[in-house]
Amino acid sequence: MGRQWSLEESVVVDAAPEVVYRLVANLRDMGRWSPECRRVWVPRPPVGTGSRFVGFNRRGPFVWFTTGRVSAAREGEEFTFDVGVFGLPIARWGYHFAAEGAGTRVTETWQDLRTGRGSRLAEILGTVFAGTNPERRIAVNRHGMRTTLDRIARAAAAPA
(Lines give C-alpha, C1' and ligand atoms only; values in the text may rest on other atoms or scores of the structure.)
Protein backbone atom coordinates (compact mmCIF):
# COMPACT_ATOMS: atom_id res chain seq x y z
CA MET A 1 0.00 0.00 0.00
CA GLY A 2 1.30 3.45 -0.90
CA ARG A 3 1.47 6.50 1.23
CA GLN A 4 -1.86 7.96 2.30
CA TRP A 5 -2.09 11.75 1.97
CA SER A 6 -5.35 12.44 3.80
CA LEU A 7 -7.59 11.03 6.48
CA GLU A 8 -10.96 11.73 8.05
CA GLU A 9 -12.73 10.46 11.14
CA SER A 10 -16.13 11.46 12.51
CA VAL A 11 -18.37 11.09 15.51
CA VAL A 12 -21.90 12.17 16.40
CA VAL A 13 -21.93 14.49 19.40
CA ASP A 14 -24.89 15.16 21.67
CA ALA A 15 -24.77 18.95 21.26
CA ALA A 16 -25.64 21.65 18.71
CA PRO A 17 -23.12 22.48 15.95
CA GLU A 18 -22.42 25.91 17.44
CA VAL A 19 -21.60 24.41 20.84
CA VAL A 20 -19.16 21.89 19.39
CA TYR A 21 -17.63 24.52 17.11
CA ARG A 22 -16.86 26.76 20.10
CA LEU A 23 -15.04 23.90 21.84
CA VAL A 24 -12.84 23.24 18.81
CA ALA A 25 -12.28 26.87 17.80
CA ASN A 26 -10.94 27.73 21.25
CA LEU A 27 -7.40 26.78 20.23
CA ARG A 28 -6.08 27.31 23.75
CA ASP A 29 -8.06 24.19 24.73
CA MET A 30 -6.64 22.01 21.94
CA GLY A 31 -4.29 20.45 24.49
CA ARG A 32 -7.38 19.06 26.27
CA TRP A 33 -8.55 17.26 23.14
CA SER A 34 -5.47 16.13 21.23
CA PRO A 35 -3.15 13.41 22.55
CA GLU A 36 -0.16 15.09 20.82
CA CYS A 37 -0.86 18.78 21.34
CA ARG A 38 0.05 19.95 24.82
CA ARG A 39 -0.57 23.67 24.51
CA VAL A 40 -1.42 26.37 21.99
CA TRP A 41 -0.32 29.97 22.23
CA VAL A 42 -2.45 32.52 20.40
CA PRO A 43 -0.71 35.91 20.35
CA ARG A 44 -3.79 37.92 19.31
CA PRO A 45 -7.09 36.42 20.49
CA PRO A 46 -9.89 35.97 19.68
CA VAL A 47 -9.26 33.36 17.02
CA GLY A 48 -10.73 33.85 13.54
CA THR A 49 -9.80 33.39 9.91
CA GLY A 50 -6.20 34.53 9.49
CA SER A 51 -5.26 34.10 13.16
CA ARG A 52 -1.78 32.76 13.80
CA PHE A 53 -0.73 30.50 16.65
CA VAL A 54 2.05 28.25 17.94
CA GLY A 55 1.39 24.65 18.95
CA PHE A 56 3.57 22.80 21.44
CA ASN A 57 3.42 19.05 20.92
CA ARG A 58 4.66 15.89 22.57
CA ARG A 59 4.39 12.18 21.90
CA GLY A 60 6.43 9.93 24.17
CA PRO A 61 9.98 11.32 24.36
CA PHE A 62 9.50 13.51 21.26
CA VAL A 63 8.79 17.22 21.66
CA TRP A 64 8.24 19.72 18.84
CA PHE A 65 6.45 22.93 17.96
CA THR A 66 4.45 24.02 14.93
CA THR A 67 3.28 27.38 13.69
CA GLY A 68 -0.26 27.64 12.44
CA ARG A 69 -2.72 29.85 10.66
CA VAL A 70 -6.51 29.54 10.71
CA SER A 71 -7.80 29.33 7.13
CA ALA A 72 -11.55 28.96 7.84
CA ALA A 73 -13.58 29.87 10.92
CA ARG A 74 -17.30 29.65 10.21
CA GLU A 75 -19.25 29.13 13.42
CA GLY A 76 -21.20 25.89 13.50
CA GLU A 77 -19.86 24.86 10.07
CA GLU A 78 -16.09 24.64 9.72
CA PHE A 79 -12.83 25.31 11.52
CA THR A 80 -9.65 24.66 9.52
CA PHE A 81 -5.99 25.51 10.03
CA ASP A 82 -2.64 24.84 8.41
CA VAL A 83 0.47 23.98 10.40
CA GLY A 84 4.11 24.12 9.46
CA VAL A 85 7.57 24.17 10.92
CA PHE A 86 10.47 26.49 10.01
CA GLY A 87 8.35 27.91 7.20
CA LEU A 88 7.69 24.49 5.64
CA PRO A 89 4.07 23.35 5.19
CA ILE A 90 3.23 20.19 7.13
CA ALA A 91 -0.52 19.60 7.33
CA ARG A 92 -4.02 21.00 7.06
CA TRP A 93 -6.37 20.09 9.91
CA GLY A 94 -10.09 20.67 9.67
CA TYR A 95 -13.28 20.19 11.64
CA HIS A 96 -16.65 20.17 9.92
CA PHE A 97 -19.94 20.35 11.80
CA ALA A 98 -23.30 19.11 10.48
CA ALA A 99 -26.57 18.77 12.38
CA GLU A 100 -27.59 15.13 12.69
CA GLY A 101 -30.75 14.32 14.60
CA ALA A 102 -30.59 16.14 17.92
CA GLY A 103 -26.80 16.32 17.76
CA THR A 104 -23.88 17.13 15.48
CA ARG A 105 -21.70 15.02 13.25
CA VAL A 106 -18.16 16.30 13.76
CA THR A 107 -15.70 15.27 11.06
CA GLU A 108 -12.01 15.83 11.65
CA THR A 109 -9.84 15.89 8.54
CA TRP A 110 -6.09 15.80 7.98
CA GLN A 111 -4.22 16.45 4.76
CA ASP A 112 -0.46 15.98 4.36
CA LEU A 113 0.99 19.16 2.84
CA ARG A 114 4.55 17.83 2.61
CA THR A 115 4.70 18.03 -1.17
CA GLY A 116 6.80 20.02 -3.59
CA ARG A 117 9.84 22.08 -2.68
CA GLY A 118 11.10 21.41 0.84
CA SER A 119 8.96 18.28 1.28
CA ARG A 120 11.91 15.94 1.89
CA LEU A 121 13.28 18.24 4.59
CA ALA A 122 9.82 18.47 6.20
CA GLU A 123 9.60 14.65 6.22
CA ILE A 124 13.04 14.35 7.84
CA LEU A 125 12.13 16.95 10.49
CA GLY A 126 8.93 15.01 11.25
CA THR A 127 10.89 11.80 11.71
CA VAL A 128 13.57 13.41 13.90
CA PHE A 129 11.41 15.70 16.08
CA ALA A 130 8.02 13.95 16.13
CA GLY A 131 9.38 10.41 15.87
CA THR A 132 7.05 9.53 13.01
CA ASN A 133 8.01 8.91 9.40
CA PRO A 134 5.47 9.67 6.63
CA GLU A 135 4.43 6.02 6.29
CA ARG A 136 3.56 5.74 9.99
CA ARG A 137 1.96 9.18 10.33
CA ILE A 138 -1.43 7.98 9.05
CA ALA A 139 -1.76 5.35 11.82
CA VAL A 140 -0.63 7.83 14.48
CA ASN A 141 -3.10 10.43 13.21
CA ARG A 142 -5.99 7.96 13.00
CA HIS A 143 -5.51 7.03 16.67
CA GLY A 144 -5.07 10.69 17.65
CA MET A 145 -8.14 11.83 15.74
CA ARG A 146 -10.32 9.17 17.35
CA THR A 147 -9.05 10.20 20.78
CA THR A 148 -9.58 13.88 20.02
CA LEU A 149 -13.14 13.37 18.78
CA ASP A 150 -14.00 11.20 21.77
CA ARG A 151 -12.75 13.86 24.19
CA ILE A 152 -14.65 16.61 22.36
CA ALA A 153 -17.83 14.49 22.35
CA ARG A 154 -17.62 13.88 26.09
CA ALA A 155 -17.00 17.55 26.84
CA ALA A 156 -19.83 18.70 24.56
CA ALA A 157 -22.30 16.31 26.16
CA ALA A 158 -21.32 17.20 29.73
CA PRO A 159 -23.82 19.34 31.66
CA ALA A 160 -22.93 23.03 31.58
Provide 14, 112 ordered by accessible surface of protein heavy atoms (probe 1.4 Å), highest first.
14, 112
Working with all protein chains in place, sort 82, 150 by solvent-accessible area computed with a 1.4 Å probe, largest first.
150, 82
Considering only C-alpha atoms, what is the centroid distance from segment 68-98 to segment 17-31, in Å?
13
What spacing in nm lies between the two simple spin-label points modelled at residue 5 and residue 98, each 7 Å away from Cα in the Cβ direction?
2.3
Evaluate the charge dipole of the chain about its Cα centre and quote only its size in Debye, nearest 20, assuming +1 on the Cβ of each Lys and Arg and -1 on the Cβ of each Asp and Glu.
700
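Which length gain, in nm to one decimal place, applies between residue 133 and residue 67 when the Cα-Cα distance is subtracted from 0.36 nm times their residue separation? Don't skip to the end; give the middle numbers.
Details: separation 66, 0.36 × 66 = 23.76 nm, distance 1.95 nm.
Stretched out fully, the residue 133 to residue 67 stretch lengthens by 21.8 nm.
For 80, 147, give me the order by solvent-accessible area with a 1.4 Å probe, most accessible first, ignoring ligands, DNA and RNA.
Numbers: 80 10, 147 30 Å².
I get 147, 80, largest accessible area first.
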On the full set of protein chains, 1.4 Å probe, figure out the accessible area of residue 42 and give it in Å² to the nearest 10.
10
Based on the alpha carbons, how large is the Rg to Rh ratio for the chain when Rh follows Kirkwood?
0.96
Express the relative contact order of the chain as a whole percentage, based on alpha carbon pairs under 8 Å and six or more residues apart in sequence.
29
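The values are calculated or read from the model by the stated rules, or taken from the named source; none is laboratory data. Fair warning: this is a prediction, and the values are worked out from it, not measured in the lab. For neighbour counting, all protein chains shown are included, and Cβ atoms are generated from backbone atoms with ideal geometry for every residue, glycine included. Accessible surface areas use protein heavy atoms only, side chains included; no ligands, DNA or RNA. Shrake-Rupley method; radii C 1.70, N 1.55, O 1.52, S 1.80 Å.
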